Amino acid sequence: MRVVIAEDSTILRAGLVELLTLRGHEVAAAVKDGEALRAAVAEHRPDVSIVDIRMPPSCTDEGLRAAIALRAANPGEPVLLFSQYIETRYAAELLADRAGGVGYLLKDRVAEVSDFLAALSRVAAGETVLDPEVVTQLLGATRKTGALAALTPREREVLELMAQGRSNAAIASTLFLSPGSVEKYVTSLFGKLGLAPSDGDNRRVLAVLRYLQA
(Lines give C-alpha, C1' and ligand atoms only; values in the text may rest on other atoms or scores of the structure.)
Protein backbone atom coordinates (compact mmCIF):
# COMPACT_ATOMS: atom_id res chain seq x y z
CA MET A 1 0.00 0.00 0.00
CA ARG A 2 1.02 3.58 -0.61
CA VAL A 3 0.51 5.50 2.65
CA VAL A 4 0.58 9.10 3.87
CA ILE A 5 1.04 9.64 7.61
CA ALA A 6 -0.06 12.77 9.51
CA GLU A 7 1.20 12.65 13.11
CA ASP A 8 2.67 15.49 15.15
CA SER A 9 4.66 13.24 17.51
CA THR A 10 8.10 12.83 15.96
CA ILE A 11 8.73 9.51 17.68
CA LEU A 12 5.37 7.98 16.77
CA ARG A 13 5.59 9.30 13.23
CA ALA A 14 9.03 7.71 12.78
CA GLY A 15 7.77 4.49 14.35
CA LEU A 16 4.85 4.25 11.93
CA VAL A 17 7.16 4.89 8.99
CA GLU A 18 9.50 2.11 10.10
CA LEU A 19 6.65 -0.30 10.86
CA LEU A 20 4.99 0.14 7.48
CA THR A 21 8.24 0.09 5.54
CA LEU A 22 9.34 -3.14 7.20
CA ARG A 23 6.00 -4.71 6.22
CA GLY A 24 6.60 -3.83 2.57
CA HIS A 25 4.40 -0.74 2.31
CA GLU A 26 5.45 2.56 0.76
CA VAL A 27 5.26 5.67 2.94
CA ALA A 28 4.89 8.47 0.40
CA ALA A 29 4.97 11.24 3.03
CA ALA A 30 5.04 11.67 6.80
CA VAL A 31 3.88 15.10 7.96
CA LYS A 32 2.93 16.82 11.22
CA ASP A 33 -0.11 19.02 10.52
CA GLY A 34 -3.34 19.20 8.59
CA GLU A 35 -2.21 21.58 5.89
CA ALA A 36 0.76 19.37 5.07
CA LEU A 37 -1.56 16.35 5.03
CA ARG A 38 -3.82 17.88 2.40
CA ALA A 39 -0.82 18.84 0.27
CA ALA A 40 0.72 15.36 0.60
CA VAL A 41 -2.49 13.59 -0.38
CA ALA A 42 -2.94 15.86 -3.39
CA GLU A 43 0.64 15.18 -4.50
CA HIS A 44 0.97 11.46 -3.80
CA ARG A 45 -2.59 10.09 -4.08
CA PRO A 46 -2.07 7.39 -1.42
CA ASP A 47 -4.09 4.22 -1.01
CA VAL A 48 -4.80 5.31 2.56
CA SER A 49 -3.82 8.05 5.02
CA ILE A 50 -3.16 7.59 8.74
CA VAL A 51 -4.24 10.73 10.57
CA ASP A 52 -3.90 11.84 14.18
CA ILE A 53 -6.77 14.02 15.41
CA ARG A 54 -4.91 16.57 17.52
CA MET A 55 -2.22 18.35 15.54
CA PRO A 56 -0.77 21.89 15.34
CA PRO A 57 -1.49 24.73 15.55
CA SER A 58 -4.12 24.37 18.29
CA CYS A 59 -3.73 20.61 18.90
CA THR A 60 -7.47 20.12 19.19
CA ASP A 61 -9.18 18.64 16.13
CA GLU A 62 -7.12 19.83 13.14
CA GLY A 63 -6.46 16.29 11.91
CA LEU A 64 -10.11 15.33 11.99
CA ARG A 65 -11.19 18.48 10.17
CA ALA A 66 -8.44 17.93 7.59
CA ALA A 67 -9.75 14.39 7.01
CA ILE A 68 -13.28 15.75 6.52
CA ALA A 69 -11.95 18.28 4.00
CA LEU A 70 -10.07 15.56 2.11
CA ARG A 71 -13.19 13.44 1.77
CA ALA A 72 -15.35 16.42 0.86
CA ALA A 73 -12.97 17.16 -2.01
CA ASN A 74 -12.63 13.50 -2.99
CA PRO A 75 -15.46 11.30 -1.64
CA GLY A 76 -14.20 7.94 -0.49
CA GLU A 77 -10.63 9.13 0.11
CA PRO A 78 -9.43 6.36 2.49
CA VAL A 79 -8.59 7.75 5.93
CA LEU A 80 -7.76 5.95 9.17
CA LEU A 81 -7.96 8.17 12.25
CA PHE A 82 -5.42 6.95 14.80
CA SER A 83 -5.65 8.88 18.04
CA GLN A 84 -5.67 8.82 21.83
CA TYR A 85 -8.90 10.78 21.87
CA ILE A 86 -12.52 10.36 20.83
CA GLU A 87 -13.92 13.50 19.24
CA THR A 88 -17.68 13.08 18.80
CA ARG A 89 -18.37 16.59 17.50
CA TYR A 90 -16.97 15.96 14.01
CA ALA A 91 -16.49 12.18 14.05
CA ALA A 92 -20.05 11.39 13.01
CA GLU A 93 -19.74 13.86 10.13
CA LEU A 94 -16.64 12.06 8.87
CA LEU A 95 -18.09 8.59 9.36
CA ALA A 96 -21.53 9.28 7.92
CA ASP A 97 -20.78 10.45 4.38
CA ARG A 98 -21.70 7.00 2.98
CA ALA A 99 -18.54 6.78 0.87
CA GLY A 100 -16.74 4.08 2.89
CA GLY A 101 -12.99 3.81 3.33
CA VAL A 102 -12.84 5.28 6.81
CA GLY A 103 -11.64 4.08 10.20
CA TYR A 104 -11.19 5.30 13.77
CA LEU A 105 -8.82 3.44 16.11
CA LEU A 106 -7.57 4.40 19.55
CA LYS A 107 -3.81 4.21 20.02
CA ASP A 108 -3.87 2.71 23.49
CA ARG A 109 -6.37 0.00 22.49
CA VAL A 110 -4.47 -1.49 19.54
CA ALA A 111 -2.86 -4.55 21.13
CA GLU A 112 -1.37 -6.23 18.06
CA VAL A 113 0.51 -4.82 15.08
CA SER A 114 -1.30 -7.34 12.89
CA ASP A 115 -4.66 -5.91 13.96
CA PHE A 116 -3.57 -2.39 13.05
CA LEU A 117 -2.27 -3.47 9.64
CA ALA A 118 -5.44 -5.47 8.95
CA ALA A 119 -7.57 -2.43 9.81
CA LEU A 120 -5.44 -0.25 7.55
CA SER A 121 -5.89 -2.69 4.67
CA ARG A 122 -9.65 -2.81 5.21
CA VAL A 123 -9.92 0.98 5.14
CA ALA A 124 -7.81 1.11 1.97
CA ALA A 125 -10.22 -1.42 0.44
CA GLY A 126 -13.19 0.86 1.16
CA GLU A 127 -14.47 -0.69 4.39
CA THR A 128 -15.37 0.99 7.67
CA VAL A 129 -13.38 0.05 10.79
CA LEU A 130 -14.28 1.44 14.23
CA ASP A 131 -12.94 0.81 17.70
CA PRO A 132 -15.83 -0.42 19.89
CA GLU A 133 -15.19 2.39 22.38
CA VAL A 134 -15.68 4.96 19.61
CA VAL A 135 -19.02 3.37 18.77
CA THR A 136 -20.05 3.34 22.43
CA GLN A 137 -19.33 7.04 22.88
CA LEU A 138 -21.09 8.01 19.64
CA LEU A 139 -24.15 6.05 20.67
CA GLY A 140 -23.94 7.45 24.19
CA ALA A 141 -23.92 11.00 22.89
CA THR A 142 -27.00 10.24 20.82
CA ARG A 143 -28.82 8.56 23.70
CA LYS A 144 -28.55 11.79 25.68
CA THR A 145 -30.70 13.47 23.05
CA GLY A 146 -33.30 10.69 23.19
CA ALA A 147 -32.77 9.86 19.53
CA LEU A 148 -32.50 6.13 20.26
CA ALA A 149 -35.33 6.02 22.77
CA ALA A 150 -37.49 3.95 20.42
CA LEU A 151 -35.01 1.06 20.37
CA THR A 152 -35.13 -1.85 22.78
CA PRO A 153 -31.97 -2.74 24.75
CA ARG A 154 -31.36 -5.72 22.44
CA GLU A 155 -31.78 -3.55 19.34
CA ARG A 156 -29.21 -1.13 20.76
CA GLU A 157 -26.79 -4.02 21.25
CA VAL A 158 -27.31 -5.09 17.66
CA LEU A 159 -26.87 -1.48 16.48
CA GLU A 160 -23.58 -1.11 18.35
CA LEU A 161 -22.22 -4.31 16.79
CA MET A 162 -23.42 -3.23 13.35
CA ALA A 163 -21.59 0.08 13.77
CA GLN A 164 -18.43 -1.87 14.53
CA GLY A 165 -18.72 -3.47 11.09
CA ARG A 166 -19.99 -6.87 12.28
CA SER A 167 -21.93 -9.11 9.91
CA ASN A 168 -25.24 -10.63 10.96
CA ALA A 169 -23.47 -13.96 11.53
CA ALA A 170 -20.90 -12.30 13.80
CA ILE A 171 -23.64 -10.49 15.72
CA ALA A 172 -25.51 -13.77 16.18
CA SER A 173 -22.37 -15.43 17.55
CA THR A 174 -21.58 -12.54 19.91
CA LEU A 175 -25.09 -12.25 21.34
CA PHE A 176 -25.84 -16.01 21.24
CA LEU A 177 -28.79 -15.51 18.91
CA SER A 178 -29.94 -17.32 15.80
CA PRO A 179 -29.22 -15.64 12.43
CA GLY A 180 -32.97 -15.32 11.90
CA SER A 181 -33.40 -13.45 15.18
CA VAL A 182 -30.61 -11.04 14.29
CA GLU A 183 -32.23 -10.35 10.92
CA LYS A 184 -35.49 -9.51 12.68
CA TYR A 185 -33.72 -7.11 15.05
CA VAL A 186 -31.90 -5.46 12.13
CA THR A 187 -35.12 -5.02 10.18
CA SER A 188 -36.91 -3.65 13.24
CA LEU A 189 -34.26 -1.13 14.24
CA PHE A 190 -33.89 0.18 10.70
CA GLY A 191 -37.62 0.66 10.58
CA LYS A 192 -37.60 2.58 13.86
CA LEU A 193 -34.71 4.74 12.69
CA GLY A 194 -36.36 5.41 9.34
CA LEU A 195 -33.49 3.81 7.43
CA ALA A 196 -33.81 1.32 4.59
CA PRO A 197 -32.12 -2.03 5.30
CA SER A 198 -29.14 -2.92 3.11
CA ASP A 199 -27.34 -6.18 2.38
CA GLY A 200 -23.97 -4.40 2.42
CA ASP A 201 -22.35 -4.31 5.87
CA ASN A 202 -20.39 -1.17 5.02
CA ARG A 203 -23.49 0.68 3.86
CA ARG A 204 -25.33 -0.43 6.98
CA VAL A 205 -22.62 1.03 9.19
CA LEU A 206 -22.59 4.32 7.32
CA ALA A 207 -26.38 4.55 7.39
CA VAL A 208 -26.38 4.10 11.17
CA LEU A 209 -23.67 6.71 11.64
CA ARG A 210 -25.48 9.11 9.33
CA TYR A 211 -28.47 8.83 11.62
CA LEU A 212 -26.28 9.43 14.66
CA GLN A 213 -25.03 12.63 13.07
CA ALA A 214 -28.60 13.82 12.60
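Odds and ends about this structure:
- Descending by average beta-carbon neighbour count within 10 Å, the peptides 77-83, 124-130 line up as 77-83, 124-130, the highest first.
- In a reduced charge model with +1 at each Lys and Arg Cβ and -1 at each Asp and Glu Cβ, the stretch 21-71 shows a dipole moment near 80 debye about its Cα centre.
- Translational diffusion coefficient (Stokes-Einstein; Kirkwood radius from C-alpha pairs) of the stretch 51-124 at 25 °C, 0.890 mPa s, in µm²/s: 196 µm²/s
- Under 5 Å between amide hydrogens, built in the peptide plane, is the criterion, and for VAL27 it picks out VAL3 among residues at least 5 positions away or on other chains.
- Here the dipole of the stretch 1-45 is about 160 debye; that uses its Cα centre as origin and unit charges on the Cβ of Lys and Arg (positive) and Asp and Glu (negative).
- The residues of the stretch 1-126 present an accessible area of 44 Å² per residue when probed at 1.4 Å with all protein chains retained.
The values are calculated or read from the model by the stated rules, or taken from the named source; none is laboratory data. Predicted, not measured: the structure shown is a model, and the values here were computed from it. Positions of Cβ are backbone-derived with ideal geometry, glycine not excepted, and every protein chain shown enters the neighbour counts. SASA here: full protein model, heavy atoms, side chains in, ligands and nucleic acids out. Shrake-Rupley method; radii C 1.70, N 1.55, O 1.52, S 1.80 Å.
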